[in-house]
Structures are given as structure tokens and as C-alpha cells.
Amino acid sequence: MSSNESPAVLISGAGITGLVLALSLIKNGVSVRIIDNQERTIGRRGLGLHGRSLETHKLLGLLPDVLKRSGQVPVTQLYSPADPYIAVKTLPFFEPYETTSSKLHDKHEALVREHLQKLGCIVETGKELTAFEPQEDHVVAHVRSASGDFEIIKPHWLVGADGAHSIVRKSSDLTFLGELAPSDVCVIADATLKCNLDKNAIHSYVGDPASKGFLFFPHENKESDLWTVICVGTQLNHEFVAGGIENMAKEFSDATGRTDIEFVSSSWLVKYRPQMRMVNSFRAGRVLVAGDAAHVHSATGGQGLNSGIQDAVSSPPFSSIIYPNLNAQVNLGWKLALVSKHKASASLLDSYNNERLPVIATMLRLTTALLDRTIHPEEPGDLRGLTREFALRQFGVNYRKSPIVVDDSVKDDDAETYDPYRSGDNGEVRAGDRAPDAEIGGGGEHKTVYDLFGATYHTVLVFAPDFSAARGVLEYVRGLDGALFRPVLVLPQVAKEKEDREDIVKDAGGHVYENYRVKEGEVVVVVVRPDSWIGARVGGVAGIEQYLQALSIHA
């Protein structure tokens, strides 16, 4: 939209958090302006993407371009203090699960900006939000340009994605409680090196992270001499190393005895001392916060830019080894779109806070524990802090206790132990869980369940033995707003009906029924939200109606 118009949503902060939220909203038909006081990114903002994020990129239409510009996260080669020239052990940076992570680095923001531009949204750089006043039906935002000119923008909603020093959060009187790490954790640089290190591997000179260690992360362009270098350890002279690239080179050679790596220059070199903080609420009336504006934490574990890709202004340095995830942006995007288009009550936005707050609290606990295990291992040679367990891929992140999910199989007084980071450990698939992916198969065409989903609508999967058993549910869903709800009949592999319509699929290999824990012959309705979490798992129309009521949606 025109830069002199007032949009439905104004986003302050054009890091990856703000960019992805803007993309989600625009795809949902919501007018957006996104501003940032910086002209460009300094330093890398992520080594790669979690598998869960790749699924979300698919929903947003980003995945083909992501895959074209990315490769695989390299293995880690460990070196012994006895011989710093020969790797003695190779470890996967992640445990070897089926979904592998993609490496994207600093191209990520540029890629999303390109997609926004194609949709008519240009990031307005050199513009800073200086103050705002929430009104009953809009927000009055005061914006200053780099030239010193002022502009008044009156959006219906304001989202602060403006980093840990967020003016949006501070002006909304949201608390930001937590703690600062007792000491500097590392010094990090984006450096040009002349060396013969294998560019298909991360190189770790960390005999004991509690004392002194060095990690070298290669650039995704194998022709480039760029590396991210991280110096860690309680015995590291942080002040000296942060004094310049020459000092970093000396500290490395003195500590390891290796002298063949030439530290030529650095485009970015800073100390990093993590904070672990989070807001008490993600919403204050017509004002919302996301990313670093809402939570900062240790980057260990790759949850950061976190569980919603953060814009990395204040937890900057270590974000070079963060694996971003888009959970927060897509969680907020579809809800804010429904409210902005008057398809749902504003109370729906309360669920953004209800769902994300427990997840972020758990994430802070996990990343802080992993940082402690990395910097203070239980015993010499303990390398567990260098690997990332399955939970950190965020496939288990769930909203089972959300007030807007509906599950016929769960009683209101269900006293199950709730872990926002783990679902499905007992083999169940419940409302609030990530929707499982599965190959649909048949006809020689490679297609998965996620090909049925979209970031702008709910997908209603109707599992039934035949069309007649599903007729009532299908007719009800087809009577709803077709832009918001799309029914798909999922037939078992033994069904006699043919797939002659786009809204009918046959589970030829049985994988969809298996992954969704549905038995052949049952009628089960799984409503998948635009963010690919399960909003409802019910037995029929009554359950769908209950879900719509929970959303306060006008379908």
C-alpha cells in the first residue's frame, strides 16, 4: 500500500519477525505497513531453519526459494588439544532425524522482502516509531524519518517487532522480567579467513567449553572465505578478543597452537552476554509484541529469533547459530487477519498470549539449561552441549491447553501432565498438536498432507470410510465461508470410491490414517488451522460448531 496511507496493521521492526508477520497478513488480504530505523542487516541472523520452520515456509509459499538458496547444516568436526590440525571426532549438529535442517544465513530476510515486494509491500527503512497513543478503535503512531520529518499513522493495530529494547513494549508498560547471565559467554565475528578448513563442516576447538574454545561456522557459499567465528569459555579474555580481529587470531593461536589460519578481516565483531527475559503478556489492547520485543534468551538450542523468528537487535551476536522458527508469526498472523477483516471478535487475539506464553517460558528454561551444560559441563569431555536433541526441533510444541482448541476425546478435568514442548510422546494426536505430515501417495504423484494446507484458511480433514458417512460434515463445511474453510474427504486405502475431485483424497499407502491415529471405519474430523496446528479433533458437526464458537468466528 502507499506509504502515506494508514493501514490495518503497522509493524515496527523489519527483522525476520516483522517480515514474516507482514507476509502472513498480506496473504490474508490485510493492509500492512512495516517500518524499520535501520537500512540494512549487520551480521548474520541464523545458520539455518528447523524442519518445523520448513513446513511453515511451505504454507507461506517461501519453500521453493528457500530450497534453491540453501543446503544442509554441516556436521561438526572436533579437534584434540594434542593435535589441532586433525579432527578426532565428527558429530551431527542435530541428532539424525528424518527432517533435516536447511542452511540459509543472511539471505533469509532478503528472500522474504522479495516476496513482500511482489505483493506490493515495500519495507520502509530509515523510519522510526517514536511514540504512540492507543485509541478505542485505532492507534495513533508517531513516526520519524531519517531526514527528521514526522508522520502520523493511524493503524487499527500496532505490532512491536522492534527488538529487546522495544519502544512498543516499554510504552505499553509490559514487564520484561528475567536475568542477565553472570558473565560474557562469547565473542563472535563474521570474518574473512585464509585457511584450508573443510567448508562442509563446523570446526570445533572446544576441549573443555568451561575453559576456552573456538568454533568456525562456514558460509553457505563454498567459494567464499567468510566464516562465523565464536570464541567461548570462562578463561577467555573477552575484552582482549573483542578488541579486534588481530586479537582474536592471537587468542586462537596461543590457545590451540594452530598457526595456519589467517584472520584477514571482520565485518562484525562483538561480545555476547545473554539475557533470559520475557514479557508478562503479548498483548496490551490494540498493541501486540513479538520476537525479541517479547522474549530474549540464550541462543543455544537454536530456538531463537525464537519460536518466532526474532529480529536479533539485542540478542544479536549468538543469533548467527540460531535456527529460527516461525511459530509466533503464523500464530498471530491468521488471528489478526480474521479480527482485522471483522470475521472474528478481538477476543481471539487473547489466544495469541494464552498459547505462546507457556511455550516461551518452557523455551527459556530449555535454552538456559543447555547454555549451562555447554559452558559448565558435568565433567571434562562432556560434549552434550554441542548437540541438539529432537525436542529442540519444535515438532512437539503444542497448545493442548489453549482455550480455543476442541477435542472430543479429552475431558475438561483431564489432569495430564502438560509440556508445551512435547506432544505425541505417547503416540496420541490431539487438538493443539502440530498437524502431522504424511505422504498421500497414489497415481505416481508425490503429494503430502501439507500440500492441502494453506496460510489463509482452515483445512477440514474428514476421515470416513466412504462419502455417505461423511456427507453431513462435508455439506456443513461447504456451507461455511469458503475463503476460510476448505473440506477434504480422506478415504482409507480400501475405499471403493475414486478420487475424481480435488477435495477427495485416497490414502493409498495408509500413511495419513496412521500418522493421524485414525482407524479405518471411523469418522473423525480434524480441523487444521492456517498455522498448521490442529484446532479441533472431533466426531462431527457439533464439534465443528463448538470450535467456531471458541474462535468467536463469524463463518
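The values are calculated or read from the model by the stated rules, or taken from the named source; none is laboratory data. Computed from a prediction, not measured in an experiment: that's the story for all the values here. Quick reminder, even Gly has a Cβ in these numbers, built from the backbone with ideal geometry, and neighbours come from all protein chains shown. Heads up: the accessible areas ignore ligands, DNA and RNA and are worked out on the full protein's heavy atoms, side chains in. Shrake-Rupley method; radii C 1.70, N 1.55, O 1.52, S 1.80 Å.
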For this session: Using a Förster distance of 51 angstrom, determine the FRET efficiency expected from the C-beta separation of PHE467 and VAL270, and round it to 0.05.
Result: 0.25
Exercise. So, in Å, what gap is there between the alpha-carbon centers of the stretch 128-167 and the stretch 499-547?
Worked result: 42 Å
Exercise. Ordering TYR205, TYR476, TYR85 by how much accessible area each has at a 1.4 Å probe, largest first, what is the list?
Worked result: TYR85, TYR476, TYR205
For this session: Among the lysines, select those whose C-alpha is under 22 Å from the C-alpha of LYS447, and discard any that sit fewer than 8 residues away in the same chain.
Result: LYS58, LYS68, LYS496, LYS498, LYS506, LYS519
For this session: Would you kindly state how much longer the chain becomes between HIS342 and GLN549 on full extension, computed as 0.36 nm times their sequence separation minus their alpha carbon distance, in nm to one decimal?
Result: 73.0 nm
For this session: Please give the FRET efficiency for ARG478 paired with LYS401, using the beta carbon to beta carbon distance and R0 = 35 Å, rounded to the nearest 0.05.
Result: 0.65
Exercise. What is the gain in length, in nm to one decimal, between GLU39 and VAL88 on full extension, counting 0.36 nm per residue of separation less the C-alpha to C-alpha distance?
Worked result: 13.3 nm
Exercise. Give me the Kirkwood hydrodynamic radius of the stretch 418-555 in Å, from all C-alpha pairs, to one decimal place?
Worked result: 15.2 Å
Problem set entry | Charge tally in the Cβ shell below 11 Å around ASP408, where Lys, Arg are +1 and Asp, Glu are -1, ASP408 excluded | +2
Problem set entry | Segment SER281-TYR418, extension gain: residue separation times 0.36 nm, minus the distance between their alpha carbons | 47.3 nm
Exercise. If each of ASP225 and SER147 carries a label point 7 Å out from its Cα toward its Cβ, how far apart are those two points in nm?
Worked result: 4.1 nm
For this session: Extending each Cα 7 Å along its Cβ direction at ALA361 and GLU428, get the distance between those two points in nm, one decimal.
Result: 2.1 nm
Seminar exercise, completed: Sorted by accessible surface (1.4 Å probe, heavy atoms of the protein chains only), largest first, PHE214, PHE395, PHE150 come out as PHE150, PHE395, PHE214
Exercise. Which residues in the stretch 473-502 place their backbone N less than 18 Å from a point set 7 Å from the Cα of LYS447 along the Cα-to-Cβ direction?
Worked result: 486-502
